[in-house]
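The values are calculated or read from the model by the stated rules, or taken from the named source; none is laboratory data. All values derive from a computational prediction rather than experimental measurement. We place every Cβ from the backbone using ideal geometry, glycine too, and count neighbours over all the protein chains shown. Side chains are part of the model used for accessible areas, which takes the heavy atoms of the whole protein and leaves out ligands, DNA and RNA. Shrake-Rupley method; radii C 1.70, N 1.55, O 1.52, S 1.80 Å.
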Amino acid sequence: MKRRNSKLFGTASVMALFGLGWAATAVAQDPTQDSPAVSSTAEQPGRPADGRRHADLPVEAYAVVPGTKFLVRLEDELDTKETREKKRFKATTLEPLEAGSGIYLPPGAEIRGHVSRVESAGVAGRAKIWLTFDEIRTKFATLPIVAEVVSVPGDHSVKTGTAGREGLIERRTSTQQAAAEAAVAGAAMGAVMGVKDKNKKEAAAGAAAAAIAAYLMESGRGHEIDLPKGAKMELELERALYLLKE
């Protein structure tokens, strides 16, 4: 009797083990069952910023880091001849601004700024204009922004990003060799005009005037800066931009 009970117990144990194995296989094959192997920290897709802070993310996750570059479109015309200091202007972002964890600010945000300083070219000066960006208006809040112009794509007559002179846009300086060659060519042309008139004095004066005009034109002096409405500018963040309401 004792041996029979032992045999029955052994058979029951085998059946129990078989049942557990079948159940485990069924769970693994059933797609409706939750699998403990799936990590809850899987990468989430990017999402537009809504200004709210989620409890599972640190503040740094909402920061667009300094050094981020992005394109904007100028919505007002600016120039060094008519524009005055403190004139306000607007620009629209053309690229998304991405923070950590895939949070981003979609294109179309409005940036507002003002002209902090203007220097007209006059007769022989070099035109310069300083732009300051004050705030960026999003769908959820108006945020402070600190950025500077680092390039004006498509306009090779101006330069930006001069060290220690943030926000400056100025006429580009040609090489001295190119300016000198232009002056020589201009002088020769002026002299030819004077010789045609058979007047040596006029030839010398014409050569000098043409040389000066050619030099100024080639070196960028005497020319104003004109940034038309719709012009594209590339900005670079100087400080972190936090995509939060507070």
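Annotations for the structure displayed:
- Any hit, segment 59-72, residues being open to solvent by 40 Å² or more (accessible area, probe 1.4 Å) and under 23 Å from Lys229 (Cα atoms): yes
The rows are residues; the columns are (1) aliphatic (A, V, I, L, M); (2) modelled with pLDDT under 50; (3) within 18 Å of the chain's Cα centre (by Cα).
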residue	(1), (2), (3)
Asp30	no, yes, no
Gln33	no, yes, no
Ala42	yes, yes, no
Gly51	no, no, no
Ala61	yes, no, no
Pro66	no, no, yes
Arg73	no, no, yes
Glu77	no, no, no
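- So Ala55, is it among the small types (Gly, Ala, Ser) and open to solvent by less than 50 Å² (accessible area, probe 1.4 Å): no
- Ala182 among the aliphatic types (A, V, I, L, M), more than 24 Å from Leu243 (Cα to Cα), modelled with pLDDT under 60 and open to solvent by 30 Å² or more (accessible area, probe 1.4 Å): no
- Flag if Gly108 is surrounded by fewer than 17 Cβ atoms within 10 Å (Cβ to Cβ), closer than 23 Å to Thr160 by Cβ and out of contact with any strand residue (DSSP E or B) (no Cβ under 6 Å at 6 or more places or on another chain): no
Residues are listed down the side, and each one gets a yes or a no for (1) at pLDDT 90 or above; (2) not hydroxyl-bearing (Ser, Thr, Tyr):
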{"position": "Met15", "(1), (2)": "no, yes"}
{"position": "Pro36", "(1), (2)": "no, yes"}
{"position": "Thr83", "(1), (2)": "yes, no"}
{"position": "Gly100", "(1), (2)": "no, yes"}
{"position": "Ile111", "(1), (2)": "yes, yes"}
